[in-house]
Structure formats: structure tokens, C-alpha cells
Amino acid sequence: MRSPYVYHRRQTHAVAVVGHDNVPRVLADLRTVAISRMEDLAQIGHVYDPITDKWSTSDQAAEFLYMGSAPLPFMAPAGTRQLLDVTVWLNHDDHFFCVPVFTIDEWRRIPQRHTVMNIVRCVADELTVEVLHELAEDASVVLMIGSPSDAYFSAMRECCDRILAAHVHMPVILEYHSHTDTIDDGVLDASTDVGGLLVEGFGDAVMITLSAIRGLDTATSVRTAFGILQAARTRMTKTEYISCPSCGRTLFDLQETTAMIRSHTDHLKGVKIGIMGCIVNGPGEMADADYGYVGSGPDRITLYRGQEIVQRNIPSAGAVDALIDIIRNDGRWVEKNY
Ligand code: SF4
């Protein structure tokens, strides 16, 4: 029986770069987004430079582009794959760098397959144990599973239980659509629903689509997906800050100080920095941070490496530079690329 107190990632086999011990991948849902120029992909982390004719990729760039029925009018950036509805894929020239997406019905009717990866997209309720066993006969199958957002978590969790009971090991893409009044509400909903599944060990990739009254925002959707993976500790792509909520004991302006530390360190991928207002409770509240910046008196800061004090009661004026020196001496500092 799975312990609710211990993180276990569901065991899956790898299909290309999805599943097994690969980090969870991020898909961008571009089916309703007009993409006509290479520059249009900057919103999902792929920046094209027409002078050098080269792509550069950010740490938070989507790896799979779900184009549906409208393939890109140019070659996709290196390292990415387009996902096309199977009826479109069949007539497309590129049967390797483009990956077909089937419904369950299409999977049964259409015999053509990609040689490496085939995605079967379905809603959670469709995946009975019998269907799971049928799909598991082909080792190239990756499931893309969604469910209406009003009962997403419970439906997906039941589905995950069926997958575990069936002892099948296909990788799973968690598909999530939110239609809220504001993007902020969508981010919160996605974080609780998708994040809840990830911390329980389900999900080898995520595709989040946030739409709100002010329209689709693909950049926010992709950023949210990476943020949720980071918060679930399943894929670290940026610096992590752990700061206390502040209270009567707080010894400095927490928001201002956090913003200042962030401006110097937000390029340190995977480093966790705790910023705590007082030394009474701060060290306990930042227990899993790599470094700590803790108020220990008026204009005084104590710096930590993990739970160990490295510099005690130093003037706050030089504390950020001292923190950077500690990170540098640990070999974890890289220069910022402006
Ligand atoms: S760490 Fe200290 S200042 Fe921050 S909320 Fe806790 S008690 Fe208050």
C-alpha cells in the first residue's frame, strides 16, 4: 500500500524523453493560437534570432507543441516535437519529428503508427482496466488524460488508481483546462489540481491551458506548468525562495528585501534561499532551504548554509554580498547573463 507520507513517483517506462526517470515534460497547447512566424514561439520560451538563423531556448521552454490540426508553417525548434491530430499527421510530410495524437476510437480504426511515440488522448472516465490493457500492448503509447475542471482532481485520482491496479506502465501526460474569470483563479485551480497529482507521484508531463475572460494566455500557461512542477519538487527550473509571511517580530521590510535578494539571485537554477524576518522562528520555517538570510536584530542579519550558521549578526548593508560570497564559495554561483 502507498504511504501518504512518502513521495513515490509512479513507475513508468520511457517513451522517447517522456516517463521513467526523465524530468516531467511541459507541453504548450497551441491549437487556438495563431502561429505564423518563428518569432511567435518566443511566448513559450523558444526565441528565434533571424540574424544568426538560430534558436535559443530558455530554462522554461515547452518541449512539445500541441498544434492539433494546424501544423507549424516552419520547422520546429531543435529538441521540440509537434503533436498533430492523427488525421492531419497522416497527410504530413514529416512522420518523425511530428507525433500523432489519437482518440481511443481512432487508435482502434487507424493502423498507421509513429515508430517511437504515439499519444492517445482521452478523458479519465474512458480508461477502464480493459482499455488500459488494450493500449498497453503497444510500448509506444503515451496517455494524455484530461477531465472537466469542476471535478478534475477526484476523477483523475480515480483514474490513477485504475492505472495502478491494472499494472500498466505507459507514461501519462496530465491535461488540464481552466476557464475562470481571471488568470489568477486559473493558476490557483491548476496548482491545486495538477500539483496535487504530481506530489502523489502521478504525471510524466503536463499540459495546462488557462483561458479567462481576457482571453488565452499561452505564456502564462507554460510558466504556470513549470511553476507547478517546481513547487511539487519534480522539476527545478528556477531559484526557489522561501520567505515567512512576516509578523510583529519581523526585523526588516520583507517584501523589499526579498525583491532585492531575488534581483541578484533569480538566475541560480535549483538553489533554495530562505528569507526570514526573525531568528526566533525563521530557521525552523526555512528547514529545507539551501541558504538562509535571517533577521537577528535591528539592521543585523545572520546567514545560514542549510541549518548551519555561517555568519552571525552582520550589518544588513553588506549581507546580500556576503550571501553571494557563500554561494560562490560553495561553487553554486554563476554569473548573471543580462
Ligand atoms: S519567521 Fe519570525 S518574523 Fe517571520 S513570520 Fe515567523 S515569527 Fe514572524
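We did not get these values from a lab; they are worked out from the coordinates using the rules stated. Computed from a predicted structure; not experimentally measured. Cβ atoms come from the backbone with ideal geometry, glycine included; neighbour counts cover every protein chain shown.
Annotations
- Percent breakdown of C-alpha pair distances by 5 Å bin, ordered from the shortest bin, for the stretch 161-286: 2, 10, 16, 14, 16, 16, 13, 7, 4, 2, 1
- Computed about its Cα centre, the charge dipole of the chain is approximately 760 debye, with only Lys, Arg, Asp and Glu carrying charge at their Cβ.
- With neighbour counts taken as other beta-carbon atoms within 10 Å, the residues LYS238, LYS336 rank, fewest first, as LYS336, LYS238.
- R0 of 41 Å, Cβ-Cβ distance SER69-ASP150: FRET efficiency to nearest 0.05: 0.90
- Rounded to 10°, Cα long-axis angle of helix 319-329 versus longest principal axis of the chain: 60 degrees
- The ranking of MET207, MET38, MET260, MET276 by Cβ neighbour count inside 10 Å, starting from the fewest, reads MET260, MET38, MET207, MET276.
- Rounded to the nearest 10 degrees, the inclination of helix 254-265 to the longest alpha-carbon principal axis of the chain is 70 degrees.
- Between the stretch 158-172 and the stretch 65-134, the Cα center-to-center distance that results, in Å: 20 Å
- Considering only beta bridges that DSSP places wholly inside the chain, some 30 percent are antiparallel.
- Calculated diffusion of the stretch 62-107, Stokes-Einstein form, Kirkwood radius summed over Cα pairs, 4 °C and 1.567 mPa s, µm²/s: 121 µm²/s
- Computed from Cα positions, the angle between helix 152-166 and the longest principal axis of the chain comes to roughly 70 degrees.
- Within the stretch 295-338: backbone nitrogen closer than 12 Å to the MET260 label point (7 Å, Cα to C-beta): 299-301, 315-322
- Fully extended contour minus Cα-Cα distance, from HIS133 to ARG332, at 0.36 nm per residue: 67.0 nm
- Within the stretch 278-295: backbone nitrogen closer than 14 Å to the GLN311 label point (7 Å, Cα to C-beta): 292-295
- Two-site label geometry, MET236 and ASN22: point separation in nm, points 7 Å out along Cα→Cβ: 2.2 nm
- Under Stokes-Einstein, with the Kirkwood radius over Cα pairs as Rh, the value for the chain at 37 °C and 0.692 mPa s is 149 µm²/s.
- Ranking SER316, PHE153, ALA205 by Cα position along the charge dipole of the chain, where only Lys, Arg, Asp and Glu carry charges on their C-beta atoms, puts SER316 farthest toward the positive end.
- Proximity of backbone amide H atoms, modeled 1.01 Å from N, is registered between ASN118 and VAL141, VAL142 at under 5 Å, excluding neighbours fewer than 5 places apart on the same chain.
- With Cα atoms as the point set, the stretch 52-198 shows a radius of gyration and Dmax of 16.6, 52 Å.
- The Rg/Rh ratio of the stretch 240-329, with both radii computed over alpha carbons and Rh defined as the Kirkwood radius, is 0.91.
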